[in-house]
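Report on the structure given below.
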Amino acid sequence: MERKVPDDDLLIQLTQQHPDFCRLRMELVEAKSLGPAPRIAVCGLMNAGKSALLNGLTGHIETEVFETKEIRATTQLQALEHEGHLYLDTPGIDACDEDDRLAWLGLANADVILFVHNLRTATLEQIETAFLCELKRRRPDLERHLVVVLTHAESVTQREVSEQAIGKILQSLFGTVPAAFATSFTTLRNGVRKGNTKLLELSGFDSLREHLQAHPGLLERGVSKQRAERDDHRRDVLEHFLDQQIAQRRKRLVKLEGTQAAQLEQLQNSVDGLFESVSHGLARG
């Protein structure tokens, strides 16, 4: 059976009243404009070390491309193409509503998502776990695309304890522990300045780069396939939602028609009764 295209009024109403419907439509529109370069989006709290991580991954050790500050620095989506990959720096998830909106926009069509946590704050905060739960809801394919990066590894004395605690939380959220890497931009920079390969190795950046280079979500065939699957899922959800809304409206229409029919019958009976009464009163003996 051919699907009837919903009219514009219904689409406008659904867009205004149902945030997820609006979001999925916007994500589909944005997906059409994506370039071929695999997208790596970085997310996390405001001072998680996202920008420093991106500077390290893109080889900008002395000159910042992604600005790093102790205060709120990233207030919009920042992008840089490097060695065939498009890196996206998103605003901190704890900054403000507008920053959150921009962060979600950058994550919606990312081929790999780097969730960044500052090891100096030990285990994950409640706002981070809530964010990951919402990210999983919006991205049902998240487990295949998520990489956890633990920053400032050089400043933590009991790193293993923190990593184990974080692993338990991730296990409870996802049923498995995503790939996780401890990194230190400070150690990386010292290694580059001194030409010290041991420091470069200890920084964790080489291991993270190797993982990303082999990640299925960033390989050419994997990118197009998984983007298509993501869009198909969005269309399925939208169509199911539309079917539900149309069915509900039809049900209300039938109920309304039934109510109107009952009211019409009641009115007709009243008119018939009145006519009979008047006719009887006017009858000539």
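What follows is calculated from the coordinates using simple rules that are stated; it is not laboratory data. If you're wondering where the values come from, they're calculated on a predicted model, not measured in any experiment. Cβ placement follows ideal geometry from the backbone for every residue including glycine, while neighbour counts extend to all protein chains displayed.
Under 8 Å for C-alpha pairs, at least 6 residues apart: give me the relative contact order for the chain, rounded to a whole percent.
It rounds to 16 percent for the chain.
Can you give me the relative contact order of segment 75-218 as a percent, contacts being Cα pairs under 8 Å and 6 or more apart? Walk me through the numbers before you get to the answer.
Values: 173 pairs, mean separation 25.7, N = 144.
This gives 18 percent for segment 75-218.
Please report the net charge: other residues with Cβ closer than 13 Å to the Cβ of Arg209, K and R +1, D and E -1. Display every interim value, and only then the final one.
Values: positive: none; negative: Glu83, Glu201, Asp206, Glu210.
Spelling it out: positives minus negatives among the neighbours equals -4.
Return the FRET efficiency for the residue pair Val177, Cys22: r is the Cβ-Cβ distance, R0 is 41 Å, and the value is rounded to the nearest 0.05.
Working: r = 34 Å, r/R0 = 0.82.
Approximately 0.75, to the nearest 0.05.
Figure the gain on full extension for Thr129 and Leu256 (residue separation times 0.36 nm, minus the Cα-Cα span) and round it to one decimal in nm. The partial results should precede the final answer.
On the way: separation 127, 0.36 × 127 = 45.72 nm, distance 4.57 nm.
Using 0.36 nm per residue and subtracting the Cα-Cα distance, I get 41.2 nm.
Evaluate the distance, in nm, between pseudo-label points positioned 7 Å from the Cα of Lys194 and of Leu267 along their respective Cα→Cβ axes.
In this crude label model, Lys194 to Leu267 measures out at 9.1 nm.
Can you pull the one-decimal nm distance between simple spin-label points at Ile61 and Lys225, each 7 Å off the Cα toward Cβ?
Placing both labels 7 Å along Cα→Cβ, they lie 3.7 nm apart.
Pull out the extension gain between Ala79 and Glu210, defined as 0.36 nm times the separation in residues minus the alpha carbon to alpha carbon distance; nm, one decimal.
Working: separation 131, 0.36 × 131 = 47.16 nm, distance 2.12 nm.
Result: 45.0 nm gained on full extension.
Counting other C-beta atoms within 10 Å, which of His117, His60 has the fewest, and how do the rest follow? Don't jump to the answer; show the numbers that get you there.
On the way: His117 23, His60 16.
In increasing order of surrounding Cβ atoms, one gets His60, His117.
What does the highest-first list of 46-56, 249-259 look like by mean Cβ count within 10 Å?
Values: 46-56: 24.2, 249-259: 10.2.
Descending packing order for the listed peptides: 46-56, 249-259.
What spacing in nm lies between the two simple spin-label points modelled at Glu143 and Leu11, each 7 Å away from Cα in the Cβ direction?
3.5 nm
Any idea what the alpha-carbon Rg over 2.2 N^0.38 Å comes to for the chain? Intermediate results must be reported in sequence, preceding the final value.
Details: Rg = 28.8 Å, N = 285, 2.2 N^0.38 = 18.8 Å.
Normalised Cα radius of gyration, the chain: 1.53.
Please identify which residues in segment 142-164 have an amide N closer than 12 Å to a label point set 7 Å out from the Cα of Ala122, following the Cα→Cβ vector.
158, 161-163
If contacts are Cα pairs under 8 angstrom and at least 6 residues apart, what is the relative contact order of segment 162-227 in percent?
On the way: 44 pairs, mean separation 13.0, N = 66.
Answer for segment 162-227 is 20 percent.
Once the other residues with Cβ under 12 Å from the Cβ of Leu124 are scored (Lys, Arg +1; Asp, Glu -1), what is the net sum?
Working: positive: Lys168; negative: Glu125, Glu128, Glu163.
Net charge in that neighbourhood comes out at -2.
Note down the magnitude of the dipole of segment 39-218 about its Cα centre, charges +1 on Lys and Arg C-beta and -1 on Asp and Glu C-beta and zero elsewhere, to the nearest 20 debye.
Details: 18 positive and 24 negative charges, 59 e Å.
The dipole magnitude comes to about 280 debye.
Among Thr176, Thr123, Thr151, what is the fewest-to-most ranking by other Cβ atoms within 10 Å?
Values: Thr176 8, Thr123 17, Thr151 26.
Ascending number of Cβ neighbours within 10 Å: Thr176, Thr123, Thr151.
Test of understanding: ordering Cys22, Cys43 by Cβ neighbours within 10 Å, fewest first, what list do you get? Mind showing how you got there, number by number?
Values: Cys22 14, Cys43 26.
Starting with the residue having the fewest Cβ neighbours, the order is Cys22, Cys43.
Let me check I've understood the local charge: for Lys32, count other residues with C-beta under 12 angstrom from its C-beta, Lys and Arg +1, Asp and Glu -1. What total comes out?
Numbers: positive: Arg25, Arg227, Arg234; negative: Glu27, Glu30, Asp231.
Every neighbour counted, the sum reads 0.
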